[in-house]
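Notes to accompany the following structure.
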Amino acid sequence: MYLGKIVEVAPRREIFAAPRHPYTKALLSAVPLPEPGAQRNPIILRGDLPSPINPPPGCRFHTRCPFAFDRCRTEEPTLRAAGPEQWVACHLDEPP
Ligand code: SF4
């Protein structure tokens, strides 16, 4: 969930194994690994964190998404099936 909107839904195993939304990927990249010395490559989100009471138009994550393009700034993505038990709200995950 980002700024009050569900961005991805999946069973725990799938979401940890193969997150699809850019925000989910960034969140999970920050989770420490349980092995001593093991490291992930954390995805550092840049950009402004919008106010939840005045969210930006389009995709609410577009001010921080490293993959944002023009459509993201105007059109809100809807939650769509991305697998048998996975749903993602991202324009990059839509069929062509
Ligand atoms: S819709 Fe656009 S801004 Fe939103 S997560 Fe997908 S690529 Fe990023």
Checklist entry - Has region 3-26 got any residue that is over 24 Å from Gly83 (Cα atoms) and surrounded by fewer than 10 Cβ atoms within 10 Å (Cβ to Cβ)? => result no
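Give the residues of region 74-88 that are of a type in the set (A, V, I, L, M, F, W, C) and closer than 25 Å to Pro56 by Cβ, sorted by residue number.
Restricting attention to region 74-88, the residues satisfying the condition of being of a type in the set (A, V, I, L, M, F, W, C) are 79, 81-82, 87-88.
Passing the criteria: Leu79, Ala82, Trp87, Val88.
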Next on the checklist: Is it the case, given these coordinates, that Thr63 is out of contact with any helix residue (DSSP H, G or I) (no Cβ under 6 Å at 6 or more places or on another chain), surrounded by 12 or more Cβ atoms within 10 Å (Cβ to Cβ) and among the hydroxyl-bearing types (Ser, Thr, Tyr)?
Outcome noted: yes
Item to check | Inter-residue pairs, beta-carbon under 9 Å, first in a loop (DSSP other than H, G, I, E, B) and in region 56-82, second within 8 Å of the ligand (Cβ to nearest atom) and β-branched (Val, Ile, Thr), 6+ apart | outcome: Cys59/Val7; Arg60/Val7; Phe61/Val7; Pro77/Val7; Leu79/Val7
Next on the checklist: With the requirement that a residue be under 17 Å from Gly4 (Cα atoms), away from the ligand (no atom under 12 Å from the Cβ) and acidic (Asp, Glu), what does region 37-96 give you?
Outcome noted: Asp48
Checklist outcome for this item: Asp48 vs (1) assigned to a loop (DSSP other than H, G, I, E, B); (2) in contact with a Cys (Cβ under 9 Å, 6 or more places away or on another chain); (3) among the charged types (D, E, K, R): all pass except (2)
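Please enumerate the residues belonging to region 27-38 that are within 24 Å of Thr63 (Cα to Cα), open to solvent by 70 Å² or more (accessible area, probe 1.4 Å) and not in a helix (DSSP H, G or I).
Selection gives Ala30 alone.
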Next on the checklist: Need pairs with beta-carbon distance below 8 Å; first residue within 15 Å of the ligand (Cβ to nearest atom) and within region 8-28, second in a helix (DSSP H, G or I) and charged (D, E, K, R); sequence gap 6+ or separate chains.
Outcome noted: Pro19/Lys25; Arg20/Asp93; His21/Asp93
Item to check | Residue in region 45-78 that is modelled with the highest pLDDT, counting only those that are under 24 Å from Ala30 (Cα atoms) and aliphatic (A, V, I, L, M) | outcome: Ala68
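Go through region 69-82 and give me each residue that's open to solvent by 30 Å² or more (accessible area, probe 1.4 Å) and either under 24 Å from Pro11 (Cβ atoms) or not charged (D, E, K, R) (or both). Show your work before the answer.
Let us first name the residues in region 69-82 that are open to solvent by 30 Å² or more (accessible area, probe 1.4 Å), namely 69-71, 73-76, 78-81.
Phe69, Thr74, Thr78, Leu79, Arg80, Ala81 - these are the residues of region 69-82 that are open to solvent by 30 Å² or more (accessible area, probe 1.4 Å) and either under 24 Å from Pro11 (Cβ atoms) or not charged (D, E, K, R) (or both).
The values are calculated or read from the model by the stated rules, or taken from the named source; none is laboratory data. Only a predicted model underlies this, so the values are computations on that prediction, with no experimental measurement involved. Virtual Cβ from ideal backbone geometry, glycine too; neighbours counted across all protein chains shown. In case anyone asks, the SASA skips ligands and DNA or RNA and just uses the protein heavy atoms, side chains included. Shrake-Rupley method; radii C 1.70, N 1.55, O 1.52, S 1.80 Å.
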